[in-house]
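Engineer: Would you mind keeping the following structure in view while I ask a few things?
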Ligand SMILES: NC(=O)c1ccc[n+]([C@@H]2O[C@H](COP(=O)([O-])OP(=O)(O)OC[C@H]3O[C@@H](n4cnc5c(N)ncnc54)[C@H](O)[C@@H]3O)[C@@H](O)[C@H]2O)c1
Ligand SMILES: O=C(O)CCC(=O)CC(=O)O
């Protein structure tokens with residue numbers, strides 16, 4: 001039987017393919033905008049200049065200081081540039097950090113956004129904005145920050161280094177995994193989630209050895225789009241909350257933290273979400289969801305432990321304390337002991353705990 005559900009499609013236009021960046025001026029025009037401010041990180045400034053050339057007379061200027069976790073002071077500087085250049089639109093070229101800056105500007109000024117994603121983070125498909133002020137990261141959900149247009153150009157992902165491709169891809173898979181057991185899950189998003197996990201788990205092991213494999217790049221970017229849609233559409237749970245806590249408390253890198261934690265969060269939730277686990281296993285082609293994810297991460301050759309990412313051992317207890325401070329919905333109740341065990345295993349890079357039955361886990 002089909003479960004009772006609600007489904008709300010988010011309004012955004014997507015173009016996908018190779019060489020699609022050439023359509024940027026037409027897409028800006030389609031939005032009724034006249035002057036576009038190009039946003040990048042300092043590392044992608046040269047790619048931003050090539051994009052500026054494609055915009056021609058619609059180019060208003062550049063802001064090349066996008067920074068991870070969207071610090072408010074950077075947004076304020078970008079807002080000054082937006083006003084000085086008279087831009088009525090932003091074109092964000094880059095990963096989640098640059099997309100985040102575009103969203104922050106849209107929230108404050110109402111400008112429309114074209115996003116050209118070059119990682120697999122998926123922020124371009126969500127009405128979610130995380131911002132940092134005074135060392136504290138807060139998240140809002142509002143249609144005001146949802147980008148109007150997203151241009152996926154597979155060619156732009158060829159330069160994404162293999163290790164960042166792997167961790168960014170697992171970051172994307174985490175959105176799909178949690179969508180499958182979300183409280184507000186629905187059949188359309190679950191289909192996208194399963195296909196997102198399937199395409200990324202097939203493409204990533206190829207990309208770490210052959211980063212220029214265009215077919216694998218194309219599947220990975222398509223999978224990232226599907227996973228981003230999942231994050232934008234339904235609520236996330238333990239895995240995302242825990243990564244947020246760990247990243248914020250110990251200044252750990254975003255995609256790498258997701259990659260280490262995902263198998264352990266899935267093992268924790270497995271007893272309470274058997275249908276989701278079966279769907280994840282099928283999508284991975286592995287007998288067990290959590291063990292399959294761990295095997296995938298190990299095969300990608302990326303760090304398997306929070307210790308390797310720079311978390312101190314004393315952080316295990318601190319993370320467990322913070323994780324139970326503010327209650328949130330999760331398919332399995334979040335207990336301090338359970339989370340401590342999860343974080344300790346993730347800290348050491350051990351295999352996730354073998355799945356318990358729901359009774360054993362209670
Ligand atoms: N709000 C949301 O829905 C959402 C979703 C996912 C992530 N995020 C946020 O996004 C940020 C992380 O984004 P990210 O993981 O994409 O990393 P990122 O955007 O910080 O990019 C990492 C580095 O890789 C470089 N880079 C990106 N694409 C490249 C390419 N194709 N070739 C070469 N270099 C490239 C960037 O310039 C940067 O230096 C975090 O702040 C996270 O919280 C937000
Ligand atoms: O930091 C944000 O902008 C929100 C992050 C998020 O919702 C997805 C993630 O943790 O990958």
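Computed from the coordinates by the stated procedures, all read-outs in this text should not be read as laboratory data. Keep in mind that what you see is a predicted model, and the values were worked out from it rather than measured. In this analysis, Cβ positions are derived from the backbone assuming ideal geometry, glycine residues included, and neighbour counts consider all displayed protein chains.
Engineer: On a 0 to 90 degree scale, rounded to 10, what angle separates helix 187-207 from the longest Cα axis of the chain?
Structural biologist: Helix 187-207 and the main axis of the chain meet at about 90 degrees.
Engineer: Could you list 29, 80 in order of exposure, starting from the residue whose Cβ has the fewest other Cβ atoms within 10 Å? Please list the in-between numbers first.
Structural biologist: Values: 29 13, 80 10.
Listing 29, 80 from fewest to most nearby Cβ atoms yields 80, 29.
Engineer: Helix 45-55: angle to the longest alpha-carbon principal axis of the chain, degrees 0 to 90, nearest 10?
Structural biologist: 50 degrees
Engineer: Here's a follow-up. For every helix of n ≥ 4 consecutive DSSP H residues, a contribution of -39,500 (n - 2.57) applies; sum these over the chain, divide by its total residues, and give [θ] at 222 nm rounded to the nearest 500 deg cm²/dmol.
Structural biologist: On the way: 14 runs with 184 residues, N = 362.
So the calculated ellipticity at 222 nm is -16000 deg cm²/dmol.
Engineer: If the chain between residue 50 and residue 308 were fully stretched, how many nm would it gain, using 0.36 nm times the residue separation less the Cα-Cα distance? Write out the running numbers ahead of the final one.
Structural biologist: Numbers: separation 258, 0.36 × 258 = 92.88 nm, distance 3.64 nm.
Here the segment from residue 50 to residue 308 would lengthen by 89.2 nm.
Engineer: Kindly put 202, 57, 165 in sequence by how many other C-beta atoms sit within 10 Å of each C-beta, fewest to most. Display every interim value, and only then the final one.
Structural biologist: Working: 202 16, 57 7, 165 26.
Least to most surrounded, the residues fall as 57, 202, 165.
Engineer: Continuing with this model, one more query. Compute the distance in nm between two label points, each set 7 Å from the Cα along the Cα-to-Cβ direction, one at residue 298 and one at residue 25.
Structural biologist: 5.3 nm
Engineer: For the stretch 1-152, how big is Rg over Rh, using alpha carbon atoms and the Kirkwood form of Rh?
Structural biologist: Result: Rg/Rh = 0.99.
Engineer: Going by alpha carbons, how many degrees (0 to 90, nearest 10) lie between the helix axis of 96-109 and the longest principal axis of the chain?
Structural biologist: So the inclination is approximately 60 degrees.
Engineer: So for 62, 120, 294, 268, fewest C-beta neighbours within 10 Å to most, what's the order? Intermediate values should be presented prior to the final figure.
Structural biologist: Details: 62 17, 120 32, 294 24, 268 29.
Placing the least packed residue first, the sequence is 62, 294, 268, 120.
Engineer: Please compute the Kirkwood hydrodynamic radius over the chain, one decimal place, Å, based on all pairs of different Cα atoms.
Structural biologist: Numbers: mean 1/r = 0.0487 Å⁻¹.
When all Cα pairs of the chain are included, the Kirkwood radius is 20.5 Å.
Engineer: Averaging sequence separations of C-alpha pairs under 8 Å and six or more residues apart, then dividing by the length of the stretch 162-361, give the relative contact order as a whole percent.
Structural biologist: Values: 323 pairs, mean separation 50.6, N = 200.
Relative contact order, the stretch 162-361: 25 percent.
Engineer: Another question, then. What is the Cα centroid distance between the stretch 32-47 and the stretch 295-336, reported in whole angstrom?
Structural biologist: Between the Cα centre of the stretch 32-47 and that of the stretch 295-336, the gap is 35 Å.
Engineer: Rounded if a/c is under 1.5, else prolate if a/b is larger than b/c, else oblate: which is the stretch 162-361, with a ≥ b ≥ c the root eigenvalues of its Cα gyration tensor?
Structural biologist: Values: a/c = 1.65, a/b = 1.23, b/c = 1.34.
Here the stretch 162-361 falls in the oblate category.
Engineer: Continuing with this model, one more query. Would you give the gap between the C-alpha center of the stretch 212-248 and the C-alpha center of the stretch 66-96, rounded to a whole Å?
Structural biologist: A separation of 23 Å, based on Cα centres.
Engineer: Something else now. Looking at the chain, what % of its DSSP beta bridges pair antiparallel, to the nearest 5? Could you put the intermediate results ahead of the total?
Structural biologist: Details: 6 of 28 bridges.
Approximately 20 percent, going by the DSSP bridge assignments.
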